[in-house]
C-alpha cells in the first residue's frame, strides 16, 4: 500500500509578512476537530491544466527597457524561473498595437496592400521583441506564446482607423486571415518564436477609444469558418490553437455558443478565451463546457483598472477569488494582463491606466512586487502544466479552496481566507487528516509529495 504523503506548506498573508513563505506544515490528527473539513479526492478528476502566465505588452517591454539589464533580468526571473520565480509558462502578447502600446501601429500600414508585400515585424523590434527573447532566455523558462489582435490595419477597417471600433471590411476578410498566417510564419522564421495559440479578436463586442474591431457572434463564426480556419489549415498550422470570444464572462454563453454550434467553424476551434471584467458569473464556463465538452476554456486577461494603488491587499484577493472560481468551472489555464507597468499604471497611449503585479518607479528605480504577484504564485509555482483538478470541498465557512494533482502524483491544495478572522480547519486526503490553521487575509498552498510504495 502507498505510504502517507509528506507535506510542505507555503503561505502569503497580509499581516505577518509572509510572501510565498514556507512555514511549518500541519501534523496528522486522529479526529476531526471543530471547524469542519476540506475533503480532497484524487480519484475524481476534471480538466487538465495548461499553465499560468501574464502579458508582455509593448508597454511592459518599454518599462523593462528603462531598467539596467540586471534589474530587468531580476523581474523576468521572478516570473519565469521555475525555482526562484513563479514558473510562468504562458505569455500573451499582441498582433499590431493595443492600448498598452506607445502609439498606434500595424505590421502593414500600406493602404491597399492586398498582397502583403509591405508586411514587416519591424514595429515590434524596438521594444517588444527584445523582451520576448529575454523572457525565453531566462534560466529555466519554458514559455508558450499566445497572440491576440486588437485591430487589423486601418485600411482593412470600415471606419478607416484602428481605434474606435469599426468592423473588418468584407473585401478584406481573406487578406486579414492571410495577415495572421503571415505573422505566425514570420515570427517563427525570422525570430525563432513559435506561436502556441491565437485568439480571433480581443474583446470583439467592445467599441473602445483604443484599438478595437467589432464582430457579432455570427461574423466571428463566419470569419473563422470561411477565412481564418481554412487559411491556417492551408498553411499547415493546424497545431496552432485557435480560440474564439476572448471577451467577458457575461456574454460567453451567447457568443462562444453561436460559434461552436456550427460544426464547420468548430472544427478549427480549440476553445474559448475569457476575461474577468463586468461579471463574476464563474458558472458561465461550466455552462459552456456542458454544451461543448471537447473544447477548452482559457482565461486570457484580467487586471485592476483605474491606475496603480500601491500595496492594496485587495489586488491579490481579487485574483485568488477569480482564479479559484474559474478553475473550479473547467478553465484550463490563467493569463494575467500586463506583467509590469510604471508607477502611473502605464504607459498607455490613450490613458487607460491599470494596476499590475509588478510596478516600477522609473524615477527612483524601485521595484514593487504587489500582493497580486504573490497570490498568483501560490497557484503557478505548484500547479504545473499537465496537472489535473481533483474533487475537493469548494467552501468551508469563509474559506475557498481548490485542489490539483500534478503529473508526478504530487498534490497542490490551495486554501484562501478573505475574512478578517483566522480559521482552523481539517484537511482530509486519502483517509488521513491534517490539522490546519490559516490567518485572516491569507492564501496557503499545501503540497503533498507523490506517495511512495512500501
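Annotations
Each row is one residue, and each column tells you yes or no for (1) within 18 Å of residue 48 (Cα to Cα); (2) over 18 Å from the mean Cα position of the chain (by Cα); (3) crowded, with 21+ Cβ neighbours inside 10 Å.
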| residue | (1), (2), (3) |
| --- | --- |
| 238 | no, yes, no |
| 303 | no, no, yes |
| 311 | no, yes, no |
| 314 | no, yes, no |
| 331 | yes, no, yes |
| 335 | yes, no, yes |
| 340 | no, no, yes |
| 344 | no, yes, no |
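- The stretch 107-152: number of residues that are in a strand (DSSP E or B) and touching a helix residue (DSSP H, G or I) at 6+ places or on another chain (Cβ under 9 Å): 3
- Screening residue 77 against (1) in contact (Cβ under 8 Å) with a residue 60 or more places away in the chain; (2) in a loop (DSSP other than H, G, I, E, B); (3) surrounded by fewer than 21 Cβ atoms within 10 Å (Cβ to Cβ) leaves a single unmet condition, (2).
- Unmet requirement for residue 112, which otherwise passes all of (1) within 23 Å of residue 384 (Cα to Cα); (2) surrounded by fewer than 16 Cβ atoms within 10 Å (Cβ to Cβ): (1)
- Every pair of residues 6+ apart whose Cβ atoms lie under 7 Å, when the first sits in the stretch 183-196 and is without any contact (Cβ under 8 Å) to a residue 12 or more places away in the chain while the second is outside any helix (DSSP H, G or I) and loosely packed, with under 15 Cβ neighbours inside 10 Å: 188/194
Condition check ((1) within 20 Å of residue 335 (Cβ to Cβ); (2) in contact with a strand residue (DSSP E or B) (Cβ under 7 Å, 6 or more places away or on another chain)) across all residues:
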| position | (1), (2) |
| --- | --- |
| 169 | no, yes |
| 178 | no, no |
| 204 | yes, yes |
| 208 | yes, no |
| 214 | no, no |
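- Members of the stretch 261-291 found to be surrounded by 15 or more Cβ atoms within 10 Å (Cβ to Cβ) and more than 21 Å from the chain's Cα centre (by Cα), listed by number: 262, 265, 266, 268
- Listed by position, the strands (runs of 3 or more DSSP E) enclosed by the stretch 312-380 that each have at least 3 residues that are touching a residue at least 60 places away in the same chain (Cβ under 8 Å) are 333-338, 340-342.
- Filter result for residue 153 (under 17 Å from residue 113 (Cα atoms) and either in the same structural domain as residue 217 (by TED's automatic domain parsing) or surrounded by 21 or more Cβ atoms within 10 Å (Cβ to Cβ) (or both)): yes
- Residue count for the stretch 44-74 under the criterion of being farther than 26 Å from residue 196 by Cα and in contact (Cβ under 8 Å) with a residue 60 or more places away in the chain: the result is 4.
- Test set (1) surrounded by fewer than 20 Cβ atoms within 10 Å (Cβ to Cβ); (2) under 21 Å from residue 101 (Cα atoms) - residue 158 fails condition number: (2)
- Residue in the stretch 34-47 that is over 27 Å from residue 314 (Cα atoms), surrounded by fewer than 24 Cβ atoms within 10 Å (Cβ to Cβ) and modelled with pLDDT under 95 present: yes
- Test: residue in the stretch 426-434 that is in the same structural domain as residue 66 (by TED's automatic domain parsing), buried (at least 18 other Cβ atoms within 10 Å of the Cβ) and at pLDDT 95 or above: no
- The number of residues in the stretch 245-260 that are outside any helix (DSSP H, G or I) and either in contact with a helix residue (DSSP H, G or I) (Cβ under 6 Å, 6 or more places away or on another chain) or crowded, with 23+ Cβ neighbours inside 10 Å (or both) comes to 3.
- Test for residue 242: is it in a strand (DSSP E or B), assigned by TED's automatic domain parsing to the domain that holds residue 184 and within 29 Å of residue 103 (Cα to Cα): yes
- Every residue from the stretch 204-222 that is surrounded by fewer than 23 Cβ atoms within 10 Å (Cβ to Cβ) and either over 14 Å from residue 251 (Cβ atoms) or in contact (Cβ under 8 Å) with a residue 24 or more places away in the chain (or both): 205, 206, 207, 208, 209, 210, 214, 215, 217, 218, 219, 222
The values are calculated or read from the model by the stated rules, or taken from the named source; none is laboratory data. The shown structure was predicted, so the numbers you read here are calculated from the model rather than taken from an experiment. Every residue, glycine among them, receives a Cβ derived from its backbone with ideal geometry; neighbour counts consider all protein chains shown.
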